[in-house]
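One structure is given here, and the rest of the page talks about it.
FYI, it's all coordinate maths here, none of it is from the lab. If you're wondering where the values come from, they're calculated on a predicted model, not measured in any experiment. Here the Cβ positions follow ideal geometry from the backbone for every residue, glycine too, while neighbour counts run over all protein chains shown.
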Amino acid sequence: MRNPKPDQSIETAMEWIELSVTPSLEKIRLAVGDDIYYQCLSSQMEEVELRKCAIDQINTYCHVHGAPESEVPF
């Protein structure tokens, strides 16, 4: 018996980040300082290659909620 895989969406990704990722990110930021932290985060974001399913989720979210008004500030 297996539990069904939950639907993945932008909302579930945001919830997962809030509950599971944010504490680790804050720990790293406090340890290395803002400059190194934001440089590292920005560098990692530039190297990400999204899968088709992630791009589909983005498109669905933007279709329902509208396109984002601005770019990420870093």
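Among helices (runs of 4 or more DSSP H) lying entirely in the chain, which contain 3 or more residues that are among the β-branched types (Val, Ile, Thr)? If you could, list the steps in order and put the result at the bottom.
Values: elements: 10-16, 22-32, 34-47, 52-65.
Per the criteria, 22-32, 52-65.
Only residues in region 45-56 that are more than 16 Å from MET14 (Cα to Cα) and touching a residue at least 12 places away in the same chain (Cβ under 8 Å) count as the first member; pair them with residues that are of a type outside the set (Gly, Ala, Ser) and in a loop (DSSP other than H, G, I, E, B), Cβ under 6 angstrom, at least 6 apart or cross-chain, and list the lot.
none
Return yes or no: is LEU25 under 15 Å from the mean Cα position of the chain (by Cα), surrounded by 12 or more Cβ atoms within 10 Å (Cβ to Cβ) and free of Cβ contacts under 8 Å to residues at least 24 places away in the same chain? Write out each step before concluding.
Values: under 15 Å from the mean Cα position of the chain (by Cα): yes; surrounded by 12 or more Cβ atoms within 10 Å (Cβ to Cβ): yes; free of Cβ contacts under 8 Å to residues at least 24 places away in the same chain: yes.
So LEU25 passes the test.
What is the one condition in (1) without any contact (Cβ under 8 Å) to a residue 24 or more places away in the chain; (2) of a type outside the set (D, E, K, R); (3) surrounded by 12 or more Cβ atoms within 10 Å (Cβ to Cβ) that PRO4 does not satisfy?
(3)
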